[in-house]
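A quick write-up on the structure given underneath.
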Amino acid sequence: MAENAPFNQASQPTARAQLLAGAGQALPVVAGVAIFGTVWGALAVQAGLSPLEVALMSGLVFSGAAQFVAIELWSSPVAVGTIAFASLLVGLRHVLMGASIEPVLRGIRPGHAYLALFFMVDEAWAMSLRRAGQGKFGIHFYIGLCGLLYLSWLTTTVAGALLGGLVDDPARYGFDVVFTAVFVVLIVGLWQGRRDVAPWAASAIAAIACHRWVPGNWYIFVGGAAGLATAMLLWSPRPEGTEGEASDAD
Amino acid sequence: MRIDPSALAAIAAMGLATYLTRIAGYWLVRRFTLSGRISAGLQAVPGAILIALIAPAVFATGLAESGAAAAALLIAMLRWPMLVAIIASAAAAAGIRAVV
């Protein structure tokens, strides 16, 4: 990845503009976060968590996937090892995400980067990559983006815990497809040309098969790994088509 | 409000496990020099992960989910704002569910 780092360009927006841009990009996602947050908070209380425990978990874990899995495994007393191991497995996709976001964070001190990575949820990661592709990424953009996502996850999960089922059936209003829509838009932004076809197709096939036949959330990691493996297999030292090398700004 | 000790331990362990997964990839890439092949693979990861996140819902759940994704795809290709894509998707899903 060292040879093509089109990030950290000149004419960076000011810190304030970056914060606002980050928060602005988080805003459409907040609607989805709010729905899932209230639903999760209500389910967590039904599973036996107190509202204070809900707040602690949202604040310290900050992962919808890990938290949904945890309340399915919740018991009294809580099986600490089982739940921690489940979090580790659910989080495996983060390993791939963290590796791919490293070039974006290169202009940032490692100490700050390790703090920033605590907040690396799927949406923040994908939107940061897109911003970097446009040559406009800065740490203040990340702070605005993650700050709003974090606050909305924390407040809406606690609200769900305190108020119970605010939204009984998100599907009825089409709310459940919010994240699908967000990810589709981000995928279109990531498209760089024909060389993406094979890894993306491999990921889709692997994820669908895994989702169908393997219990749990393995499909996300498996799809990502299938895309990684396919791109590695197809790599040749001298690629014929160099399209997309530095043209990922849209 | 109560906090159960085993619950507190579980929450702390979850937080630690999740944080480790979030920093592991960054740490590995900084620690080791990557070959061209591995770099090429990693460049495919963002798209592959996002595809994997939605593929089961889009291709193997139902007409409403597929329609919602198609609506978002259309809006995204027109380069309209994300909020428009979200609204169009939700409307498509709710509309299809009301009819089917």
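The values are calculated or read from the model by the stated rules, or taken from the named source; none is laboratory data. Treat the numbers as computed from the prediction; the structure is a model and nothing was measured. Because the Cβ atoms are built from the backbone with ideal geometry, glycine has one as well, and the counts that use them run over all protein chains shown.
Is there a residue being facing chain B (nearest Cβ under 10 Å), over 20 Å from the mean Cα position of the chain (by Cα), in a loop (DSSP other than H, G, I, E, B) and without any contact (Cβ under 8 Å) to a residue 60 or more places away in the chain anywhere in region A:35-48?
Yes; the residues of region A:35-48 include at least one that is facing chain B (nearest Cβ under 10 Å), over 20 Å from the mean Cα position of the chain (by Cα), in a loop (DSSP other than H, G, I, E, B) and without any contact (Cβ under 8 Å) to a residue 60 or more places away in the chain.
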When you go through B:Val29, B:Val58, B:Val45 one by one, which is the residue that is closer than 25 Å to A:Ala124 by Cβ, facing chain A (nearest Cβ under 7 Å) and either surrounded by fewer than 16 Cβ atoms within 10 Å (Cβ to Cβ) or more than 19 Å from the chain's Cα centre (by Cα) (or both)?
-> B:Val29
Output the helices (runs of 4 or more DSSP H) that fall wholly within chain B and possess 3 or more residues being under 30 Å from A:Leu162 (Cα atoms) and not β-branched (Val, Ile, Thr), or say none.
-> B:5-31, B:82-99
Filtered residues of region A:85-115 (kept if without any contact (Cβ under 8 Å) to a residue 24 or more places away in the chain and either within 16 Å of B:Ala48 (Cα to Cα) or not assigned by TED's automatic domain parsing to the domain that holds A:Glu72 (or both)) | A:Val95, A:Gly98, A:Ala99
Pairing a residue in region A:66-77 that is more than 19 Å from A:Phe118 (Cα to Cα) with any residue that is of a type in the set (D, E, K, R) and surrounded by fewer than 19 Cβ atoms within 10 Å (Cβ to Cβ), where Cβ atoms lie under 9 Å and the two sit 6 or more apart in sequence or on different chains, gives A:Ser76/B:Asp4; A:Pro77/B:Asp4
Within region A:20-43, track down each residue that is surrounded by fewer than 20 Cβ atoms within 10 Å (Cβ to Cβ) and closer than 16 Å to B:Ala90 by Cβ.
-> A:Leu27, A:Val30, A:Ala31
Tell me, which helices (runs of 4 or more DSSP H) wholly within region A:138-250 include 1 or more residues that are at pLDDT 95 or above?
-> A:139-163, A:197-213, A:218-234
Just for helices (runs of 4 or more DSSP H) wholly inside region A:74-124: which have at least 3 residues that are buried (at least 22 other Cβ atoms within 10 Å of the Cβ), of a type in the set (A, V, I, L, M) and within 7 Å of chain B (Cβ to nearest Cβ)?
-> A:92-101
